[in-house]
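The values are calculated or read from the model by the stated rules, or taken from the named source; none is laboratory data. Given the structure is predicted, the values throughout are model-derived calculations rather than measurements. As a convention, Cβ positions derive from the backbone with ideal geometry for all residues, glycine included, and neighbour counts pool all protein chains shown. These area figures cover heavy atoms from the full protein model, side chains too; ligands, DNA and RNA do not enter into them. Shrake-Rupley method; radii C 1.70, N 1.55, O 1.52, S 1.80 Å.
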Amino acid sequence: MQLEVIGVGGAGCRIVDAIYSDTWDGSAVEAFAFDTDSKSLRECTAIPADHRYQYADRDGGLYGDLGRGVELGKQYAEELSNKLVRGQPSLADAFLVVVGLGGATGGGAAPALVRELQILYDAPVYVLATLPATDTDSDPSAPLATDESREFDSSESPSPVMANATRTLELLDGLATAVICFDNAAWLRTGESLAEGRTRLNQALATHVATLFTIVGDDGEATAETAIDTNDLERILGAETDVVTLGFAEQHVETDGDDETDVGSRLKARLFSSKSSDEPSVDRTTAIRAVETAIRKAAHGKHTLEREPENADRALLVVGGPPAWLNRQAIADGRRDLESTIGSTQVLGGDAPRPDDDAVFALVVLAGVGPIARLEELVAVGSS
Ligand SMILES: Nc1nc2c(ncn2[C@@H]2O[C@H](COP(=O)(O)OP(=O)(O)OP(=O)(O)O)[C@@H](O)[C@H]2O)c(=O)[nH]1
Ligand SMILES: [Mg+2]
């Protein structure tokens, strides 16, 4: 599918940079980065320079002033959306606006930009939002909490990160087609600051997002038995600003191409296998086990946002990897299990053959999830 990813503010631009650097076989992606702070834009080196744009008359971050961010967002939304014509926005199957909740620039501009895109284009406008990690982000002395170039002045009141995050979520309600959430707190290691962990977090998030959007309408060289198309995705994500979480897992598998170093087994395969190298034989039980394990981890393991597994309205399961490993029965069983876990029949399953891969992966999308303890906590802290 054709996707337009747009980062606003420091976090949004960095995450888009990571997403854009990820592999996109078969799918088209265009990336844009918008910030009031040119320093943060200069660091997004994967995104073409003419797709990065500094807006507002004063260059720099907004130091947590969400009111100002909202004002600037309204003032510049049209100008920002006009920058997209440097690409081909009219061909987009979806827009993905990426923002770090808690900041002022991204959190302020995202709602107005989403509104503008909804007016201009027919395609859904999804939001990808990070939730601030309470302990690191609300500590004003923590580097990179909202603006890394900021010299902290102890006479100022602490940055109202949680209040900003709550307010932005409220503003997005009814505007964003759906909100994919990523909880920084759950992905940082104990004692690790955002400054230390952000590259790893952004990479993990990029893998989840790139996987989701590359499997949709995948027209790679191998044909899926059950392909997921943009209509399927729209059906699962809904159009009511539902909260979405993603779970991803992969299992390395031994493929014929793997044996470069293992001369003995390569030779054995050549001598004794009746199949040619482009028709690898895979033991059925081993394939089923690999698919089952990947599905179990993606469905019940760590998600971008922790949730009670049963609290979702709709779900999508896609299993991908080398075609010979994609056991249809195991995928169908996994889909049925997911259906009974969430107690809904609105569960789609599909496959994504990747002939050159050496891993079986599963991606689970849960939509309409709630109530979510972390979001409630955010709202409670933000409004106290
Ligand atoms: N996952 C992730 N989260 C980040 C990153 N940088 C910042 N954040 C989070 O996003 C929130 C907003 O930070 P920024 O995006 O830097 O803020 P901004 O939108 O640029 O707004 P101002 O700089 O305040 O004008 C922070 O409170 C963090 O919770 C990042 O690289 N990765
Ligand atoms: Mg900033």
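Computed values, structure above
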| item | result |
| --- | --- |
| Candidates R58, R52, R68, filtered to the one that is among the charged types (D, E, K, R), open to solvent by 10 Å² or more (accessible area, probe 1.4 Å) and more than 12 Å from ligand 1 (Cβ to nearest atom) | R52 |
| Segment 317-361, residues that are without any contact (Cβ under 8 Å) to a residue 40 or more places away in the chain and among the hydroxyl-bearing types (S, T, Y) | S340, S344, T345 |
| Residue count for segment 48-79, restricted to those that are hydroxyl-bearing (S, T, Y) and out of contact with any helix residue (DSSP H, G or I) (no Cβ under 9 Å at 6 or more places or on another chain) | 1 |
| Qualifying residue in segment 330-337 (condition: within 21 Å of D229 (Cα to Cα), modelled with pLDDT of 95 or more and open to solvent by 80 Å² or more (accessible area, probe 1.4 Å)) | yes |
| Tabulated pairs, segment 2-18, first in a strand (DSSP E or B), second within 11 Å of ligand 2 (Cβ to nearest atom) and open to solvent by 20 Å² or more (accessible area, probe 1.4 Å), C-beta under 8 angstrom, 6+ apart or interchain | G7/R14 |
| Members of segment 185-202 that are of a type in the set (G, A, S) and in a loop (DSSP other than H, G, I, E, B) | G191, S193 |
| Exclusive hit being over 21 Å from T230 (Cα atoms), away from ligand 2 (no atom under 15 Å from the Cβ) and surrounded by 19 or more Cβ atoms within 10 Å (Cβ to Cβ), set A18, A11 | A18 |
| Lone qualifier among A239, A287, A222 - being surrounded by 15 or more Cβ atoms within 10 Å (Cβ to Cβ) and modelled with pLDDT of 95 or more | A287 |
| Residue in segment 163-171 that is away from ligand 1 (no atom under 16 Å from the Cβ), in the same structural domain as A204 (by TED's automatic domain parsing), at pLDDT 95 or above and assigned to a helix (DSSP H, G or I) present | yes |
| Cβ-Cβ under 6 Å pairs, at least 6 apart or on other chains, segment 182-193 side within 10 Å of E306 (Cβ to Cβ), far side of a type in the set (D, E, K, R) and surrounded by fewer than 19 Cβ atoms within 10 Å (Cβ to Cβ) | D183/R374; A186/E306 |
| Residue in segment 62-69 that is within 16 Å of ligand 2 (Cβ to nearest atom), farther than 26 Å from A239 by Cα, of a type in the set (G, A, S) and outside the structural domain of P355 (by TED's automatic domain parsing) present | yes |
| Pick from segment 24-62, criterion under 17 Å from V209 (Cα atoms) and among the aromatic types (F, W, Y), ranking: modelled with the highest pLDDT | F32 |
| Check on Y76, in contact with a Leu (Cβ under 9 Å, 6 or more places away or on another chain), open to solvent by less than 10 Å² (accessible area, probe 1.4 Å) and either in the same structural domain as M162 (by TED's automatic domain parsing) or more than 16 Å from I6 (Cβ to Cβ) (or both) | no |
| Subset of segment 98-132 that is farther than 17 Å from F34 by Cα and crowded, with 24+ Cβ neighbours inside 10 Å - its residue that is nearest to ligand 1 (Cβ to nearest atom) | P132 |
| Output for segment 344-361, where each listed residue is within 22 Å of E234 (Cβ to Cβ) and surrounded by fewer than 17 Cβ atoms within 10 Å (Cβ to Cβ) | S344, T345, Q346 |
